[in-house]
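The values are calculated or read from the model by the stated rules, or taken from the named source; none is laboratory data. In this text, all values refer to a predicted model and were calculated from it rather than measured experimentally. Don't worry about glycine lacking a Cβ; one is built from the backbone with ideal geometry, like all the others, and counts go over all protein chains shown. Protein only, heavy atoms only, side chains kept; ligands, DNA and RNA dropped before computing areas. Shrake-Rupley method; radii C 1.70, N 1.55, O 1.52, S 1.80 Å.
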Amino acid sequence: MKQTCDFERFDPPVLNEKMLRRELERRERRRQTVLLAAAGALLEALFVLLGLLCWDVAPVLAIGCIGFAVISTVGSGAITIVFTQKGGVHCEPAY
């Protein structure tokens, strides 16, 4: 295994339980965010397909479904851009 730090020349990095828990929570939050984004994309795809399937029967409903999917996609994209540019807000819980 390749060593990343030469402990003979430098002190090892400070690592404690709180830092490890924070990293674990960060990974869990990232996993949940990816799942939420995938669920949102699937829901929007569902509305587009529903709109296309009922186009012949109820055109107004079809336009509503497709419009909802488009507005939802644009809103999600805008929120993603703003959150990415600001870097998010990280609040530490008070234990």
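Values computed for the structure shown
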item: Residue match in the range 7-20 (condition: assigned to a helix (DSSP H, G or I), charged (D, E, K, R) and at pLDDT 90 or above); result: no
item: Contacts under 8 angstrom Cβ, first residue in the range 62-83 being over 16 Å from VAL48 (Cα atoms) and crowded, with 16+ Cβ neighbours inside 10 Å, partner of a type in the set (Asp, Glu) and at pLDDT 90 or above, 6 or more apart; result: none
item: Residues being open to solvent by 100 Å² or more (accessible area, probe 1.4 Å) and not polar (S, T, N, Q) - total across the range 23-45; result: 8
